[in-house]
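Peer 1: So that we are looking at the same thing, I have put the structure below in structure tokens.
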Amino acid sequence: MNNSIVKFAVYDNNNFYKIELSKTLLHFTEFDFTYFWEQCIEAGRLARKSGRLPQNIISNAKTVVSRAHPFIEACLATDYSEVVTDCIIEYICHSERIGLEELWARCITPKNLYETAIFRRISEYKANRAMNRWTSIVRLQEYARNKIDFIFGTSEEDAPLTEEIIRTRKEYFDLAVSVAANELGCPDNALPSVRLCTPATLPNAAFAVSKVSKAIYRRFSEALSQGQDMSALESKNCFKIHDQVAMEAYAYVKNMSRPGEIDMNFALEAIRDNPTELYLPDSLKAVIDLEFELMIQRGIYMRKCEGCGRYFTVTDENTRCDRINSSGKTCRMQYEELLESIAMAAKASMADETMEVPAVIVEPEPKQEQLSVTISPETEKRCQKLYNALYKRVGKGIDENEFKEWSQYLSNMKRNLKIGEATLSQLDEFLDYSDRLCEEVKLASKTKTPHAPVEKTYEKNNAPAPKPIEPIAEKQTETQPEPIPAEPQVATIVSSDEVIVKPFVPQTFDTLFDAFMAGYSDEEEGEKVAPEKREKKHVEIKMPQWERLTREDAYGKKD
Amino acid sequence: MLFINETAAINGIADTIIKGGVSLYNAIKYIYSITEKDFYNVNIKDAFKVVLNNITDTDSLQALGLRINDRTCVEMQNEEYNRVLPMIVYSLAVRIPTLKNVKNGDDCMTDDQLYRLYTAVMEKGAENYKDMISETFLETKYLVRKGKKLPPFTADWYKTYIYTNVPSLAEITNKNMFLLGLVDVLFAMFYSCLEEELHNKIIEFTADMPEDEEK
């Protein structure tokens, strides 16, 4: 049995209908009624001219609206039979800015069938025998959308909703409606409800399971024909006497024996294909609420697509839906393509880097064999989640440069793992740091402020950061830093009245190189330096000494 | 009053009176049926509006979900009550002399025309069963001729009749008390609207005839 399909029946209809959990709901919430609305307006316009509603347009419009939800389809001949008239009434009231009472008074002495139809329909509203089904559909569509958003909507995409949270949200939503109804004095039986039945316990069971019902009637027809007429109960409130009424009916069949084998086989054939569980909703809202309830019971959830912002049924961890958008592709396909292109770009940049290395470095034979480490799928998944989380918040809690730096670090770390120059523990430390960073970024994105600084513990524990391969000459200057010269003394202000200013003496240099270096140093400081102080400045210039380095010499020995 | 086709005019006005009587008879039943299960669903003011705006066709009340059948009006589904219809028509017929007040310019219906109208209505089935209705055609004619004010069109005779002849409605029940209250208001309001309808009809017959001739 398919877990996501349930069947329901409606009053005054002997057929059974089905709901595909979550799909029916999504279809209804996204159904576009524009065409139906246009058809109704056209029907109203023609009816004003001709004095009667054009049946072809009406039947067409009804067919369109019946596609919105199976319940509307089931009740199209009963509750929703006047949905087009309802739409026309709504349109007239809206366009002419009049109330129902005024429109009713206008049509109280109808001159044609069109006015009669409008008069009759509004009279039904007034007598509580009907409601405007069109406005009801529109309001219920909004209700369903709001409920989906309330239950499944989240601002923290990375924190997956648990079953408990979803159920609590749903209960809270329903309770809010109940509280409002209660406070407004709405009677219990006025609100929509659903009954759980089997085909044999339906109110119209005698007709829904007609073959077996006929056979049963033949057995008891004599007793039943002499029975007491209970139809008068229809106009009375039987809320408190259900058992009494049922037992009075049962009294006529209480001596029933089990039928013979032939009759039982006949019943078996007739009942076999009937659903074992059948819901009997009394309104569209009841079906919508039922669908929510069953979805949550059966673990069928929805998620907002990060691509198009519409909800979709959750089938896996993917955060994008399978709806085809204006580009002709699904959001999921688009996202996968984006990821592929990012990966390609990353590969390309890596290839560029590796191509540059041999130009500078003459690769020596490794002194020690490096063992490559494979990253587990769980770690990959963790990396991806962190990447997604931070990527989404670029510009909100984390700026672009910081994100690029972070992603580059991660990329380098992975590459180093593959070539055996980093360990999993280093990666784990980096990911732990990233988790903390992510939390800070989330908080910052909520408050729309820059995130608080996160301590880079991974750098403390692992001195050599997995930086990309750089030209060896640059590295050399890092590995052999120049001694920092003492800062030159500048003009000193003793007090506001007594300022000691040395007279200007032009500088003299032995070589152009000395002059250049001296000027560079001064410009850096941005202040004038006294010549005698400058003389004290000790600048040691070493000629570059080019020599071959091994990887260990360049980057230091790895653990 | 000058009608181009006097017979057609008198028959047409007689038909309107008969239809009015039938409408009043049906309206009572329809509104009575509210008590069956629609007491809090149907606003009686709406029902009155429908009746008074459709003097000759009360079937519009069905739009409010009201039905006349053995369940909703079982107390009225008997021979005794059926006599109410000809009596209602009679009660309207005896007031025909008041149509003398309808003027088309200086023209008004003659006594002969009014009497022929009265006869036409009576021939179509009006009856004063057990002389329940105290008013007569001659009395009304006299009052109109003297310019005196007529007694209001009330439901007194109706109530007297059901108290004495229709036991199912004479019984003290919620539904029957509702009926007695509603007829008091309905009779007076209905007659007022029917008078207006008849005035329009008479003017219509005098105005329509030349147009027909032109055609």
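The values are calculated or read from the model by the stated rules, or taken from the named source; none is laboratory data. Here the structure is a predicted model, which is why all the values come from computation and not from measurement. Glycine also receives a Cβ, built like all others from the backbone with ideal geometry; neighbour counts cover every protein chain displayed.
Peer 1: Tell me the residue from A:K475, A:K460 that is at pLDDT 50 or above, more than 27 Å from A:A343 (Cα to Cα), assigned to a helix (DSSP H, G or I) and more than 38 Å from the chain's Cα centre (by Cα), please.
Peer 2: Values: A:K475 fails: at pLDDT 50 or above.
Criteria check complete, one pass: A:K460.
Peer 1: May I pose another question? Residues in segment A:172-229 that are over 23 Å from A:V10 (Cα atoms) and not assigned by TED's automatic domain parsing to the domain that holds A:L284: how many?
Peer 2: Initially, segment A:172-229 is screened for residues over 23 Å from A:V10 (Cα atoms), giving A:172-173, A:175-186, A:215-229.
After this cut, where a residue has to be not assigned by TED's automatic domain parsing to the domain that holds A:L284 as well, the list is A:215-229.
Total meeting the criteria: 15.
Peer 1: Let me ask something else about it. Taking B:I55 as meeting all but one of (1) within 15 Å of the chain's Cα centre (by Cα); (2) part of a helix (DSSP H, G or I); (3) at the interface with another protein chain (Cβ under 10 Å from one of its Cβ atoms), write down the number of the exception.
Peer 2: Only one criterion is unmet by B:I55, namely (2).
Peer 1: Name the pairs: first residue in segment B:124-144 and more than 15 Å from B:L114 (Cβ to Cβ), second residue surrounded by 15 or more Cβ atoms within 10 Å (Cβ to Cβ) and among the basic types (K, R), Cβ to Cβ under 6 Å, at least 6 apart or on different chains?
Peer 2: Going by the 6 Å Cβ cut-off, the qualifying pairs are B:Y129/B:R83.
Peer 1: Tell me, please, whether a residue that is part of a helix (DSSP H, G or I), within 14 Å of the chain's Cα centre (by Cα) and crowded, with 20+ Cβ neighbours inside 10 Å can be found in segment B:32-45. Let's see the steps before the verdict.
Peer 2: Taking segment B:32-45 first, the residues part of a helix (DSSP H, G or I) are B:32-37, B:44-45.
Going one step further and asking which of them are within 14 Å of the chain's Cα centre (by Cα), we end up with none.
Within segment B:32-45, none of the residues are part of a helix (DSSP H, G or I), within 14 Å of the chain's Cα centre (by Cα) and crowded, with 20+ Cβ neighbours inside 10 Å.
Peer 1: Among the candidates B:N165, B:N176, which residue alone is over 27 Å from B:D38 (Cα atoms), in contact (Cβ under 8 Å) with a residue 60 or more places away in the chain, polar (S, T, N, Q) and buried (at least 16 other Cβ atoms within 10 Å of the Cβ)?
Peer 2: B:N165
Peer 1: While we're looking at this one, here's another question. What tally of residues in segment B:58-72 results from selecting those that are at the interface with chain A (Cβ under 10 Å from one of its Cβ atoms) and within 22 Å of B:M189 (Cα to Cα)?
Peer 2: 6
Peer 1: Now for a different question. Across segment A:284-301, what is the total count of residues that are in contact with a Phe, Trp or Tyr (Cβ under 8 Å, 6 or more places away or on another chain) and surrounded by fewer than 21 Cβ atoms within 10 Å (Cβ to Cβ)?
Peer 2: Kept after step one, since they are in contact with a Phe, Trp or Tyr (Cβ under 8 Å, 6 or more places away or on another chain), are these residues of segment A:284-301: A:284-285, A:287-288, A:290, A:295, A:301.
Going one step further and asking which of them are surrounded by fewer than 21 Cβ atoms within 10 Å (Cβ to Cβ), we end up with A:285, A:301.
So the count comes out to 2.
Peer 1: Those residues that are touching a residue at least 24 places away in the same chain (Cβ under 8 Å), surrounded by 15 or more Cβ atoms within 10 Å (Cβ to Cβ) and under 16 Å from A:M350 (Cβ atoms), I need them from segment A:397-419; list them, please.
Peer 2: Within segment A:397-419, A:Q408, A:Y409, A:L410, A:S411, A:N412, A:M413, A:K414, A:R415, A:N416, A:L417 qualify.
Peer 1: Please specify each residue of segment A:105-140 satisfying the condition of being over 45 Å from the mean Cα position of the chain (by Cα) and either more than 8 Å from chain B (Cβ to nearest Cβ) or in contact (Cβ under 8 Å) with a residue 40 or more places away in the chain (or both).
Peer 2: Across segment A:105-140, the qualifying residues are A:R106, A:C107, A:K111, A:N112, A:L113, A:Y114, A:E115, A:T116.
Peer 1: Between B:K49, B:K29, which is at the interface with chain A (Cβ under 10 Å from one of its Cβ atoms) and either in a helix (DSSP H, G or I) or of a type in the set (D, E) (or both)?
Peer 2: None of the others qualify; the one that does is B:K49.
Peer 1: Moving to a separate point now. For segment B:2-12, indicate whether the set of residues that are in contact with a Ser or Thr (Cβ under 8 Å, 6 or more places away or on another chain), within 11 Å of chain A (Cβ to nearest Cβ) and of a type in the set (A, V, I, L, M) is non-empty.
Peer 2: No, segment B:2-12 has no match at all.
Peer 1: Residues in segment A:379-396 that are hydrophobic (A, V, I, L, M, F, W, C) and surrounded by fewer than 15 Cβ atoms within 10 Å (Cβ to Cβ): how many?
Peer 2: 0
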